[in-house]
1. For region 44-117, just the Cα set please: Rg and Dmax, both in angstrom.
2. For THR161, THR90, what's the largest-to-smallest order of accessible area, 1.4 Å probe?
3. Which whole-Hz ³J(HN,Hα) couplings does region 39-56 yield from phi under the Karplus relation 6.51 cos²θ - 1.76 cosθ + 1.60, θ = phi - 60°, glycine and proline marked x?
4. Name the residue farthest towards the positive end of the dipole of the chain from the options ALA23, GLN71, LEU162, assuming +1 on Cβ of Lys and Arg, -1 on Cβ of Asp and Glu, about the Cα centre.
5. Can you tell me the accessible area per residue over the chain, all protein chains present, probe 1.4 angstrom, in square angstrom?
6. Given q = 0.12, 0.15, 0.18, 0.20 Å⁻¹, what are the Debye log10 I(q)/I(0) values for region 1-70, with equal point scatterers placed on the Cα positions and solvent ignored?
7. With a cut-off of 8 Å between alpha carbons and a minimum separation of six or more residues, what is the relative contact order of the chain in percent?
8. Mind telling me which of ASP51, ASP43, ASP112 comes out most flexible in a GNM of the chain, alpha-carbon contacts under 10 Å?
Amino acid sequence: RPAALSAWDSLVRGYPSSPSFPAYLHHRGMSELAQGRWAPALDDFQRVMKDYPGSAWAGGSSYAIGFIYAQRGEYPRALPFFATPQASFTRSQGMRGRLAAAICLFNMGRFDEAAAAFGALQGASQPAASPGTVALYAGKSLYRAGRRGDAAAQLAGAALTLLSEDSPL
């Protein structure tokens, strides 16, 4: 990965007027992120968001910013980067963003909102996580929200779904 970072850094420094410059910034940020260097990664992702908001790299950069904030436990700060998908989000990024937003809501103690967000993900045709995992989080959210009866039903369904997901059949 250090070689990738070096290559992307060279492109960013050497070709600032290139039409591919937002891609160079995004990829350099991803290389920084992979090495655990969050501050320079944030700088690159934020620059893509600020200077190239309509680019194909804005969605991925938005998601990466939210990811970094969530990893640091800054859930309220991360939430807008997941909850407001960019037009350039791919379907996968949009689904992962919705899942990450629901997890942030749970971690923030906003359990009713988290349960609703996980519930909305349960009907998705291509969820970002397994249906059993989403159902489990929905049940945990309902439980923490004090909705014990709903939680019990949800968790029972989650258990069945998780068992069937692990089935070799």
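1. 12.0, 36
2. Details: THR161 45, THR90 75 Å².
Greatest to least solvent exposure: THR90, THR161.
3. My calculation for region 39-56 gives 4, x, 5, 4, 4, 5, 5, 5, 5, 4, 5, 7, 8, 9, x, x, 6, 5 Hz in order.
4. Result: GLN71, furthest along the dipole toward the positive end.
5. Averaged over the residues of the chain, the accessible area is 53 Å².
6. Cα-only, vacuum Debye calculation for region 1-70: -0.25, -0.40, -0.58, -0.71.
7. Details: 222 pairs, mean separation 20.2, N = 169.
Once normalised by length, the contact order is 12 percent.
8. ASP51
The values are calculated or read from the model by the stated rules, or taken from the named source; none is laboratory data. Just so it is clear, the structure is predicted and the values come from calculations on it, not from any experiment. FYI the Cβ positions are ideal-geometry reconstructions off the backbone, even for glycines, and counts take in every protein chain you see. Calculation scope for accessible area: heavy atoms of the full protein, side chains included, ligands and nucleic acids excluded. Shrake-Rupley method; radii C 1.70, N 1.55, O 1.52, S 1.80 Å.
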